[in-house]
Every structure is written in C-alpha cells, then in structure tokens.
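Please read the structure below before turning to the comments.
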Amino acid sequence: MHFTPLHGRPAAQAARSLLPLRPDLFAKGLLAFALGIGSAVAATPAAPPMAASARAPAASACPPLLQHSFPRLQDNQPQALCQYSGKVVLVVNTASYCGFTSQFEGLEALNAKYAARGLVVLGFPSGDFKQEDADARKTAEVCFNTYGVKFPMFTDTRVRGSQAHPLFAELARATGSQPSWNFNKYLVGRDGRPIAHFGSMTAPDNRKFTAAIEAALAAR
C-alpha cells in the first residue's frame with residue numbers, strides 16, 4: 001500500500017504512525033466509537049406525531065335546532081337529530097288517516113331523488129289533529145308498508161300550541177307559521193337554520209317547493 005507523505009515524512013514512517021501501538025486498544029476504541037454513534041442515534045428524539053386537528057378538519061358543530069333526540073317509529077330507539085348536521089332537512093308532521101296521507105309517496109320520491117345531494121326528509125307523526133293512531137305499530141304499518149316510506153320516521157310528537165316539542169316551537173318561531181294541519185313542511189338549510197314553511201296544500205312535486213329544495217342543496 002502506498003501512502004502520500006505527511007508533513008514531509010517518508011510514506012512508510014507516516015503509515016507506521018497511523019497504526020496503534022496496541023491492537024487490543026485499537027479494537028476497543030473502534031467498539032466504543034460504534035457504540036457511541038448508536039446511542040447518539042437512539043437518543044435522537046422522534047418527530048412529534050401530527051396533531052389530530054392538522055390531520056383532518058374538526059367535525060362541524062351540531063346547530064341548536066337539531067340538538068334533540070326522538071324515538072324511532074319502528075323500534076322506539078332514540079335517534080339524535082345531530083346526525084343530520086350539514087344536510088338539507090325537510091321536517092314534516094304526518095298523520096295516517098288524513099286526506100293528505102298520500103303525500104307520503106311524493107315525500108319518499110323527493111327523499112330518494114335528492115338524498116345523494118344531501119336532502120333528508122324527517123317524518124313526525126302527530127295526533128294533534130286527531131288523525132293519527134295511538135298505536136305506533138299501526139302508524140308504522142301505514143308509513144312503511146302501505147306507502148313504502150324509507151326516510152326516518154319518529155314516534156307521535158306534539159307539533160303545535162303550548163305543548164309543542166321545542167323543535168316545532170322553534171320552527172314556528174323562525175318561520176312565523178306553526179302547523180295548521182297535517183303535512184306541513186319546514187325546509188331547513190345545511191347550517192341548521194329554517195328557510196321556509198310550506199302548508200299541507202303544497203304537494204311534494206310542487207315546482208316552487210322543489211325549486212326551494214334545489215336552491216338549499218346548492219347553497220354552501
């Protein structure tokens with residue numbers, strides 16, 4: 001092996017000066033050096049994990065209007081309306097023995113047509129106008145079997161007057177209209193704010209009504 005002279009000394013002398021006097025000490029020195037590097041690497045702190053808020057945006061808060069829970073018609077299990085936050089919601093007070101009961105079909109058609117765009121129809125059977133059965137099983141039979149309803153339905157709910165559920169009391173306050181009969185319709189925007197009230201005479205396929213739904217779906 002050939003070494004370049006260091007500081008003018010002969011190559012052989014320079015080479016000898018690079019060798020340790022004691023091979024065993026040289027080996028120990030190499031071992032200590034390697035262990036030192038390993039411990040230094042191990043001691044290097046890992047990068048802190050990314051905060052959850054940085055990984056994904058926080059879920060939108062549930063608007064006050066939807067901060068209610070209702071028993072589900074088919075099994076009486078409580079359902080939080082907050083699960084519909086961010087959707088356009090159509091709240092309807094329904095009845096099984098009313099001249100407008102056939103609107104169930106049109107409401108289900110609306111729900112099916114616009115569900116992918118963010119609409120959900122919520123049905124609230126009510127005996128306030130004496131046209132709903134006290135037996136929830138019979139109400140469910142009319143809704144699900146007779147008219148093929150697939151949108152969420154809840155148990156009997158008070159919808160008007162001093163005993164109105166807070167949801168309907170707030171809808172009446174915000175729109176200036178409490179339900180005057182069965183199948184009144186309240187359109188609620190994605191932000192949880194009531195947009196408009198439509199009476200029983202407004203059919204689910206009414207052009208003005210569907211235009212309002214489409215405008216609400218388009219709003220962000």
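Brief remarks on what is shown
- Criterion applied to Arg207, Arg193 was being of a type in the set (D, E, K, R) and under 23 Å from Phe70 (Cα atoms), and the one residue passing it is Arg193.
- For region 71-90, filtering for residues that are touching a helix residue (DSSP H, G or I) at 6+ places or on another chain (Cβ under 7 Å) and either within 15 Å of Asp156 (Cβ to Cβ) or without any contact (Cβ under 8 Å) to a residue 12 or more places away in the chain (or both) leaves 2.
Table: residues versus (1) over 22 Å from Pro63 (Cβ atoms); (2) assigned by TED's automatic domain parsing to the domain that holds His68; (3) not in a helix (DSSP H, G or I).
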residue	(1), (2), (3)
Gly99	yes, yes, yes
Phe129	yes, yes, yes
Leu171	no, yes, no
Phe183	yes, yes, yes
Ala196	no, yes, yes
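- Among the residues of region 143-169, those that are among the small types (Gly, Ala, Ser) and either in contact (Cβ under 8 Å) with a residue 12 or more places away in the chain or not in a loop (DSSP other than H, G, I, E, B) (or both) comprise Gly148, Gly161, Ala164, Ala169.
- Test for Arg160: is it basic (Lys, Arg) and surrounded by fewer than 19 Cβ atoms within 10 Å (Cβ to Cβ): no
The values are calculated or read from the model by the stated rules, or taken from the named source; none is laboratory data. As the structure is a prediction and not an experimental result, all values here were calculated from the model. With ideal geometry, Cβ positions are generated from the backbone for all residues, glycine too; neighbour counts draw on all protein chains shown.
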